[in-house]
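A short write-up of the structure that comes next.
The values are calculated or read from the model by the stated rules, or taken from the named source; none is laboratory data. Owing to the predicted nature of the structure, the values given are computational and were not obtained by experimental measurement. No Cβ is skipped: glycine too gets one built from the backbone with ideal geometry, and neighbour counts run over all protein chains shown. Ligands, DNA and RNA are excluded from the accessible area calculation, which covers all protein heavy atoms including side chains. Shrake-Rupley method; radii C 1.70, N 1.55, O 1.52, S 1.80 Å.
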Amino acid sequence: MQDYNVSLMLLRNAFLVDLVKEKMGRILKLDSIQNGNSWKGLDMLIFNTWHWWLHKGSAKPWDYIQKGDKLYKDMDRLIAFGEGLKTWSKWVDSNIDPSQTKVFFQGISPTHYNGAEWNASKGTTCNGETQPITGSTYPGGSSPAVVVVKGVLSNMSTTVGLLDVTQLSQLRKDGHPSIYGIGGAKGNDCSHWCLPGVPDTWNQLFYAILVTNRKSKI
């Protein structure tokens with residue numbers, strides 16, 4: 001953006017750690033982060049991951065998961081996610097100068113596939129919901145992935161701002177019916193936000209942090 005003398009770069013790496021193609025297939029390497037070289041020397045870094053860790057079957061992006069010298073056909077996704085985040089956190093602590101680069105991590109984006117989480121019937125989804133959940137507590141509780149993220153960030157020596165958008169987004173079951181996205185007629189893809197509102201709120205909160213130079217979490 002020349003008017004503001006700002007350059008933006010989007011690097012799509014769904015896992016932060018390395019996903020490589022070798023003779024035996026696609027391998028997700030939980031303790032390798034060679035792609036991190038692209039993140040060096042920037043004024044600000046905003047990281048995000050979790051969405052693709054849950055994919056199964058033909059949508060699964062890897063054939064094997066590697067940790068150390070051991071290969072796994074699959075493993076508990078929450079454990080794999082935690083191991084990958086630990087590798088990322090060590091990279092940040094070793095390669096980022098916090099006096100030169102601000103680091104943020106966008107929190108977990110929730111889904112609304114199971115109505116039992118907001119005291120509706122189990123078969124209910126967000127499709128057709130028109131009202132947010134009242135109050136400030138999500139009946140279904142926090143996502144286990146949030147616990148993993150906060151645990152990893154708390155053990156880092158580098159200050160990382162957490163854009164903790166999970167709970168405020170959980171409350172907006174009315175804002176998540178992704179039948180409005182591409183291919184929505186075939187089903188409700190509640191892993192994406194295809195209506196205005198909730199993601200815009202994330203951006204407004206992040207903007208408020210930047211203009212006020214806040215270091216605290218949201």
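Determine whether LEU163 is out of contact with any strand residue (DSSP E or B) (no Cβ under 9 Å at 6 or more places or on another chain), open to solvent by less than 30 Å² (accessible area, probe 1.4 Å) and either free of Cβ contacts under 8 Å to residues at least 12 places away in the same chain or aliphatic (A, V, I, L, M) (or both). No.
Within the range 12-31, the residues that satisfy the criterion of being in contact with a Ser or Thr (Cβ under 9 Å, 6 or more places away or on another chain) and either over 23 Å from PRO98 (Cβ atoms) or loosely packed, with under 11 Cβ neighbours inside 10 Å (or both) are ALA14, PHE15, ASP18, VAL20, LYS29, LEU30, ASP31.
Just one of the listed residues (TYR180, TYR138) is among the aromatic types (Phe, Trp, Tyr), more than 15 Å from HIS51 (Cβ to Cβ) and in contact with a helix residue (DSSP H, G or I) (Cβ under 6 Å, 6 or more places away or on another chain), namely TYR138.
Of all positions in the range 196-203, none carries a residue that is part of a loop (DSSP other than H, G, I, E, B), open to solvent by less than 60 Å² (accessible area, probe 1.4 Å) and aromatic (Phe, Trp, Tyr). Answer yes or no: is there a residue in the range 122-141 that is open to solvent by 80 Å² or more (accessible area, probe 1.4 Å), touching a strand residue (DSSP E or B) at 6+ places or on another chain (Cβ under 9 Å) and at negative phi. Taking every residue of the range 122-141 in turn, none turns out to be open to solvent by 80 Å² or more (accessible area, probe 1.4 Å), touching a strand residue (DSSP E or B) at 6+ places or on another chain (Cβ under 9 Å) and at negative phi. I'm trying to understand the selection: among the residues of the range 127-165, which are in a loop (DSSP other than H, G, I, E, B) and among the polar types (S, T, N, Q)? Within the range 127-165, ASN127, THR130, GLN131, THR134, SER136, THR137, SER142, SER143, ASN155, SER157, THR158, THR159 meet the criteria. Filtered by the rule that a residue be within 17 Å of the chain's Cα centre (by Cα) and either assigned to a helix (DSSP H, G or I) or touching a residue at least 24 places away in the same chain (Cβ under 8 Å) (or both), the range 166-194 gives THR166, GLN167, LEU168, SER169, GLN170, HIS176, CYS190, SER191, TRP193. Apart from one condition, GLN34 fits all of (1) open to solvent by less than 90 Å² (accessible area, probe 1.4 Å); (2) among the polar types (S, T, N, Q); (3) within 14 Å of SER89 (Cα to Cα); the exception is (1).
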